[in-house]
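Structure, as C-alpha cells:
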Amino acid sequence: MTALPVLTIPPSPFDRPLPRVIQGGMGIAVSSWRLASAVARAGQLGVVSGTALDLVLARRLQDGDLDGAVRRALAAFPVPAFAQRVLRRYFRPGGRAPREPYAPVPRLALRQTRLAQELMVLGSFVEVWLAKEGHGGQVGINFLEKVQMATPSAAYGSMLAGVDYVVMGAGIPRDIPHLLDQLAEHETVDLPVDVSGAPAGHSVRLDPTNLLGADVLEADLAPLARPTFLAVVSAHALAAYLARDEHIRPDGFVVEGSPAGGHNAPPRGRLVLDDRGQPVFGPRDEADISKVAALGLPFWLAGSQGTPEALAAACAAGAAGVQVGTVFALAQESGLEPGLRADLLARLRAGTLEIRTDAFASPTGFPFKVAHVPGTLSDPEVLAARPRLCDLGYLRTPFQRETGAVGYRCPAEPVHVYERKGGDAADTVGRACLCNALAADVGLGQERADGYAERALLTLGTDIDGANRLAARHAGTWTARQALDWLLDAAA
Ligand SMILES: Cc1cc2nc3c(=O)[nH]c(=O)nc-3n(C[C@H](O)[C@H](O)[C@H](O)COP(=O)(O)O)c2cc1C
C-alpha cells in the first residue's frame, strides 16, 4: 500500500498518526472483531460495533464458541470470577440442541443487576480484546447515544481491553468526554438518561470498585488509557455546539451524510416523503464542511465516501480522511451471516440491489436504510407475519408512569402493550424489531419456543459505487485489506 502523507494535529490527544480510513462501526456485530482486526492490521482504524455485545457474547457461547476465540479473550479478563460466572451460565460445549432457543440476557434498565453489568463489560472487553490481539494497530468501538443505558458498562469493558477510540452517533453525546475521563480513573459514573415525561435527573450508574472489587482495582489495575472520542454529527451546528465547551468537546468528528448505511439523522423541518415513501433530504441537511474545518478539530467524512476520489476530495476539504461502512459490510471479514452477504453480493453483481431510506422501520424514529432482500423484513408481508414480541429491548425508551415509576416501551412491541404504556398506536405502524432482526443478520437470530425464527433486516448505504467497483476487481468477495489498498492507493 502506498503511504499517504501523515497528518497530525498538535496539541491533541492524537499521539499517533490519524487514520485516513475509519471502518465504520456497524451494529450488531457486522463490524465484528475480525473485520476491525483486519483493518487495524492494515494500518487504518478498525472499529467494532459496541451495540448489544452482551447478547453477542452470550449467544456465541451458546453456539459453542467453536474456534475458542471468545474463551481465549475471557481468560484475559482481569477478574477470572466474572468470566467463570458467564461461562457457567451461557457456554454450551458443541452448541445448542437443534431448535433450542437462546437463553435470555438481562434487559437494559436504569437500575442494573450485577449480571447485566458483568455481561456487558465482558461483551465489549471480548470484542475489543480480540480485535487488538496480535498486532499494534488501533481499534475503536462504536456506541449509539440512543442506547444510553448500556454505555457506561460497555465503555468500561472496552477500555479494560485498551480501546483506542470511542465513536458515538445517533444523538448528542455531550456527556461522553467526561464519562471516559472518569472511567479511565475507575471512578463511579452516573450517566444522565432521558426519561420521557420526567424532569432531568435520571441516570445509570456504574461503580467499577464495587463491580470488580476494591482488592482487584487497588492491587492490579493502573489508570486506563483514555480513548480518543469522536462524535458522529450530521450538522455543522451540532459540531460547533459540542466544540464550544471544553467539558463536552469531543476530540474530533465524523460528519455523516444521509446516504450512509444504518440510521440517518432525520431531515430538518416537516417530514416530506417522496413517491417511494422515503424522507426527502435537502440542502439544509448537508453539513457545511468549511464550518466544521474551521472548528480546528480533526474530522472524517462519512456516507457515500467509499471511493478513492471521495477520500481525496475529503482530504482536500480539510478532513483527516473518511469513515466507510458499506464496502466493509460486504467484505469477507464482515460479521454478516455468509448466506445473506452472498445474497447481497449476487444482487450487487446483477445490478438489482435496491436500497431505500425507510422513515418508519426503526423504533428510534430515525430514518433507516433498508436493503430489499426477499425473505427479510424488508418485505412488508414478512414484516406483517412476524408475531410482535419485545424480548431484547435495546431500543426501549424509559418513560415516567402516572405513579411516578419508570417504565420502558418500544413502538415495535405488541401494539396493545405499547398503548397500555401510554404510547400512541400511530407510532407502531411499520416498525420492525431491529434488535431481533439485526441479531439474525449476523447469524445469531432467535428461534422461539413456538418455532418462529426471527428474520433479518439488512442495511447498506445508498451509494454502492465503491462496492460495484470492488466487485468488478475481485471475483467472489473482497477482503478488508483489498478494499483499503484500493481506496488508499488510488487516492494517493
Ligand atoms: C450494515 C451497517 C450497519 C451500521 N450500523 C451502525 C451503527 O451501529 N452505528 C453507527 O454509528 N453507524 C452505523 N452504520 C454507519 C457506518 O458506521 C458508516 O458511517 C456508514 O456506513 C458510512 O457510509 P457508507 O455506508 O456510505 O460507507 C452502519 C452502516 C452499515 C452499512
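As a fraction of the 1.4 Å probe accessible area of segment 229-330, surface on carbon and sulfur atoms comes out at 53 percent.
With N the number of residues in segment 277-342, Rg(Cα) / (2.2 N^0.38 Å) evaluates to 1.41. When the convex hull of the Cα atoms of segment 161-281 is projected onto a plane and the area is averaged over all directions, what value comes out in nm²? Convex hull of Cα atoms, orientation-averaged projection: 10.2 nm². With semi-axes defined as the square roots of five times the eigenvalues of the C-alpha gyration tensor, the equivalent ellipsoid of segment 374-457 measures 25, 14, 10 Å, largest first.
Residue ranges 310-322, 193-205 sort as 310-322, 193-205 when ordered by packing (mean number of other C-beta atoms within 10 Å per residue, highest first).
On the principal axes of its alpha-carbon atoms, segment 297-387 has extents of 49, 31, 23 Å, going from largest to smallest. Averaged over its residues, the chain has an accessible area of 40 Å² per residue, based on protein heavy atoms and a 1.4 Å probe.
A Stokes-Einstein calculation at 4 °C with viscosity 1.567 mPa s, built on the Kirkwood radius of the chain over Cα pairs, returns a diffusion coefficient of 57 µm²/s. Based on the convex hull around the alpha carbon atoms, segment 341-492 presents an average projected area of 11.6 nm². Between segment 321-360 and segment 452-480, the C-alpha centres lie 3 angstrom from each other. Take every pair of alpha-carbon atoms less than 8 Å apart whose residues are at least six positions apart; their mean separation over the length of the chain yields a relative contact order of 16 percent. Once you have the alpha carbon radius of gyration of segment 92-132, what is it after dividing by 2.2 N^0.38 Å, with N set to its residue count? Computed over Cα atoms of segment 92-132, the ratio equals 1.49. In the chain, the calculated helix contribution to ellipticity at 222 nm averages -9500 deg cm²/dmol per residue, counting -39,500 (n - 2.57) for every DSSP H run with n ≥ 4.
Rolling a 1.4 angstrom probe over segment 374-457 with all protein chains present gives an accessible area of which 52% lies on carbon and sulfur atoms.
The values are calculated or read from the model by the stated rules, or taken from the named source; none is laboratory data. Here the structure is a predicted model, which is why all the values come from computation and not from measurement. No Cβ is skipped: glycine too gets one built from the backbone with ideal geometry, and neighbour counts run over all protein chains shown. Areas reflect the complete protein model, heavy atoms only, side chains present, ligands, DNA and RNA absent. Shrake-Rupley method; radii C 1.70, N 1.55, O 1.52, S 1.80 Å.
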